[in-house]
Amino acid sequence: MNTEKSASLFSEAQQYIPGGVNSPVRAFRSVGKTPLFIKKAKGAYLFDEDGNRYLDYVCSWGPGILGHASERVIRAVKNACEDGLTFGAPTKKETELAKMITDFVPAAEQVRLVSSGTEAVMSAIRLARGYTGRDKIIKFEGNYHGHSDGLLVKAGSGLLTDLAPASAGVPEGYTKSTLLAGYNDEESVKELFSLYPDSIAAVIVEPVAANMGVVPPKEGFLAFLRQITEKHGTVLIFDEVITGFRLALGGAGEYYGVKPDMVTLGKIVGGGMPLAAYCGRKDIMQCVAPVGSVYQAGTLSGNPVAVTAGIETLKILSNEREVYERLDRKTSVLEQAFKEKGLQVNRVGSLLSAFFTDVPVTDYETAKTSDTASFAKYFSYMLENGIYVAPSQFEAMFVSATHTDMDIERTAQVIREYTVK
Ligand SMILES: *Cc1c(COP(=O)(O)O)cnc(C)c1O
């Protein structure tokens, strides 16, 4: 496969953009390669600058549930563009999208639109703190909630030791109010609540962890979080930036039947445009400016073009609810192929990870037992066979509505023919 043009575009990009990319994982570093420069995409396929075609299981890291360049979404966006790109004033479409979100997402009574998942989570946490008048939050090891300062923490030697920032440039003090618990580890959460019974503002969790590879919640884990937060007057936030509209129209809240106080949304909700949201109980959402005292704002928040893409995407999903069964069935075919290879496979709906380890993956510690060198070999093999998976062991594989049974069968065949090294 000739990728000369991508290689030369990447060298040029590195002169002007740090690492040549605008988001680190795109650089293919963890698989020891250089990235492909994508020219266009249609349905389940990506086309690079050298003219190669790839069957895409990254789907832009989650938004692409309908596949690339859905005709209906593109048409709606083009029409919206004709009317102007941004007004900095309210539009009726923002209400329409907010209403759809409250219709679909069980915990959503009111919605505030923002432009990225990072912004949604950062704002939700500020709001939970403002609402409760408390500072501390609990997050889980291996869960990712965007790159805001207080959430970039790494584990100390024990869960209860002081947390160090996981990035340079984050002052020590910024992570002081962040407490770290183990994913799927109820005891660690109980311990933190017994240490700080009245001072934890929020527990934030990926209801299905999908940023350490896919790690489903253990039976009863989410219900346990619901119970303990309720008992302590703590706001439970489901970060559904990946799971929202992916597992079901109502996301993980609907899928698992657990209702948090707040939900953050991103990725699919913008239909491929920069749009995200935080939503939840009305009494909490009423604490946001201009009605409440928690400040949050955005020049391009609720941008009319992005909102149009979101509305159209959610309309398509809600008119074709069988889409979730089809996605589930297709993804289970891939799951089976990976299992035949003896890999550890975690799957929830159309989120899938195959881990290169013998240990069942249930949390961050077990996810880290994966052999990333083996993953890198598998990644190269898939790419050589025209299949584009995320260039990291710790990212999910996403399936879209445009992946046909033939696409899936071909992928399963390529997996079956792989010799795990
Ligand atoms: C992607 C992601 C975010 C951050 O969203 P951005 O739009 O990249 O800022 C937050 N939380 C989760 C669970 C995510 O997967």
Point to revise | Whole-percent carbon and sulfur share, accessible surface of the chain, 1.4 Å | key: 50
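Calculate, for Gln14 and Lys154, the FRET efficiency according to 1/(1 + (r/R0)^6) with r their C-beta to C-beta distance and R0 30 Å; round to the nearest 0.05.
Values: r = 27 Å, r/R0 = 0.91.
Approximately 0.65, to the nearest 0.05.
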Point to revise | Inter-label distance for Cys81 and Lys218, nm, one decimal - labels placed 7 Å from Cα along Cα-to-Cβ | key: 5.0
Exercise for review: Go from 0 up to the bin containing the longest alpha carbon distance in the range 85-139, width 10 Å each, and give me the % of pairs per bin.
Suggested key: 19, 42, 31, 8
Practice item. Have a look at Thr118, Ala80, Leu334 and report the one farthest towards the positive end of the charge dipole of the chain, computed about the Cα centre with Cβ charges (Lys/Arg +1, Asp/Glu -1). Key: Ala80
Review point. What is the antiparallel percent of DSSP beta bridges lying wholly in the range 71-319, to the nearest 5?
Key: 45
Practice item. Subtracting the Cα-Cα distance from 0.36 nm times the residue separation, let me have the gained length for Tyr381 to Glu409 in nm, one decimal. Key: 8.4 nm
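So what is the accessible area of the chain per residue, in Å², with the probe set to 1.4 Å?
Values: 18320 Å² over 421 residues.
Value returned for the chain: 44 Å² of accessible area per residue.
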Review point. What are the lysines whose alpha-carbon lies under 26 Å from the alpha-carbon of Lys339, with same-chain residues fewer than 8 places away excluded?
Key: Lys218, Lys330, Lys368, Lys377, Lys421
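Taking 0.36 nm per intervening residue step and subtracting the Cα-Cα distance, what contour gain separates Ala89 from Val420 on full extension?
Details: separation 331, 0.36 × 331 = 119.16 nm, distance 5.54 nm.
Net length gain for the segment: 113.6 nm.
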Review point. What's the extension gain from Ala164 to Lys339 if we count 0.36 nm per residue and subtract their Cα-Cα distance?
Key: 59.3 nm
Practice item. Provide the FRET efficiency to the nearest 0.05 for the Met1-Ser374 pair, computing r from the beta carbons and using R0 = 35 Å. Key: 0.95
Review point. Using a simple spin-label model with points 7 Å from Cα along the Cα→Cβ vector, what separation in nm is obtained for Lys33 and Tyr196?
Key: 4.2
Practice item. Mind giving me the nanometre distance, one decimal, between the label points for Glu172 and Asn319, set 7 Å out from Cα along Cα→Cβ? Key: 5.8
Check your understanding: How do 3-9, 174-180 rank on mean C-beta neighbours within 10 Å, highest first?
Key -> 174-180, 3-9
Exercise for review: With a Förster radius of 30 Å, plug the Cβ-Cβ distance of Asp358 and Asp50 into 1/(1 + (r/R0)^6) and report the FRET value to the nearest 0.05.
Suggested key: 0.20
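Semi-axes of the chain's equivalent ellipsoid from the Cα gyration tensor, sqrt of 5 times each eigenvalue, largest first, rounded to whole Å? Intermediate results must be reported in sequence, preceding the final value.
Values: eigenvalues 210, 146, 88 Å².
Equivalent ellipsoid semi-axes, largest first: 32, 27, 21 Å.
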Exercise for review: Mind scanning Lys40/Lys93; Lys78/Lys315; Lys78/Lys99 and naming the pairs with a C-alpha gap bigger than 19 Å?
Suggested key: Lys40/Lys93; Lys78/Lys99
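With n ≥ 4 as the cut-off for DSSP H runs, can you work out [θ] at 222 nm for the chain, using -39500 (n - 2.57) per run divided by the number of residues, rounded to the nearest 500? Don't skip to the answer; put the middle values down first.
Working: 13 runs with 149 residues, N = 421.
Calculated from helices alone, the mean residue ellipticity at 222 nm is -11000 deg cm²/dmol.
The values are calculated or read from the model by the stated rules, or taken from the named source; none is laboratory data. Keep in mind the model is a prediction, meaning the values are calculated, not measured. Note that we place each Cβ from the backbone using ideal geometry, even for glycine, and neighbour counts take in every protein chain shown. Calculation scope for accessible area: heavy atoms of the full protein, side chains included, ligands and nucleic acids excluded. Shrake-Rupley method; radii C 1.70, N 1.55, O 1.52, S 1.80 Å.
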